[in-house]
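Visitor: Sharing a structure with you now.
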Amino acid sequence: MSNVLAGKTCTPCKGGVPPLTGAQLLGMLKLLNHDWQVVDEHHLEKEYRFPNFVEALAFTNKVGAIAEEQNHHPDILTTWGKTKVTIWTHKIDGLTESDFIFAEKVEAAHIQA
């Protein structure tokens, strides 16, 4: 995992904070550095490919366990050979540092898969 994001924990957003935009958003994306896409300055998205449904589902379950541990819950779409993870902070309808921390944790789970 990235040295900067690796040891951090997602912190619950209480609202009232602005979402990351512009240079802040690009800076966080550079720290993440794993082919994640920022879509419309609103959410992070990445699709992982697997040789079959069983492995895609196993990865989905790993992401679910991380979500429970971090209390930060992404949208996950699992189909045959693919798992797509979409992350944003629902409370502010945009991206925070915690979204990037969560994405880094998903990357670690994928590397270990």
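Visitor: Give all pairs with beta carbons closer than 7 Å in which a residue from the stretch 69-95 that is under 18 Å from residue 28 (Cα atoms) meets a residue that is in a strand (DSSP E or B) and among the charged types (D, E, K, R); count only pairs at least 6 apart in sequence or on separate chains.
Guide: Correct list of pairs: 85/46; 86/45; 86/75.
Visitor: Could you name every one of the helices (runs of 4 or more DSSP H) located completely within the stretch 1-92 that has at least 3 residues being β-branched (Val, Ile, Thr) and under 16 Å from the mean Cα position of the chain (by Cα)?
Guide: The helices (runs of 4 or more DSSP H) meeting that bar are 53-70.
Visitor: Tell me the residue from 54, 85, 39 that is loosely packed, with under 15 Cβ neighbours inside 10 Å, touching a strand residue (DSSP E or B) at 6+ places or on another chain (Cβ under 6 Å) and among the aliphatic types (A, V, I, L, M), please. Don't jump to the end; show me each part of the working.
Guide: Values: 54 fails: touching a strand residue (DSSP E or B) at 6+ places or on another chain (Cβ under 6 Å); 85 fails: loosely packed, with under 15 Cβ neighbours inside 10 Å.
Result: 39 is the single residue among 54, 85, 39 that is loosely packed, with under 15 Cβ neighbours inside 10 Å, touching a strand residue (DSSP E or B) at 6+ places or on another chain (Cβ under 6 Å) and among the aliphatic types (A, V, I, L, M).
Visitor: Considering only the stretch 68-82, how many residues are surrounded by 14 or more Cβ atoms within 10 Å (Cβ to Cβ), within 22 Å of residue 13 (Cα to Cα) and modelled with pLDDT of 95 or more?
Guide: Adding up the residues that qualify gives 2.
The values are calculated or read from the model by the stated rules, or taken from the named source; none is laboratory data. Being a predicted model, the structure only gives us computed values, none of them experimental. Cβ coordinates were reconstructed from backbone atoms using ideal geometry, including for glycine residues, and neighbour counts include every protein chain displayed.
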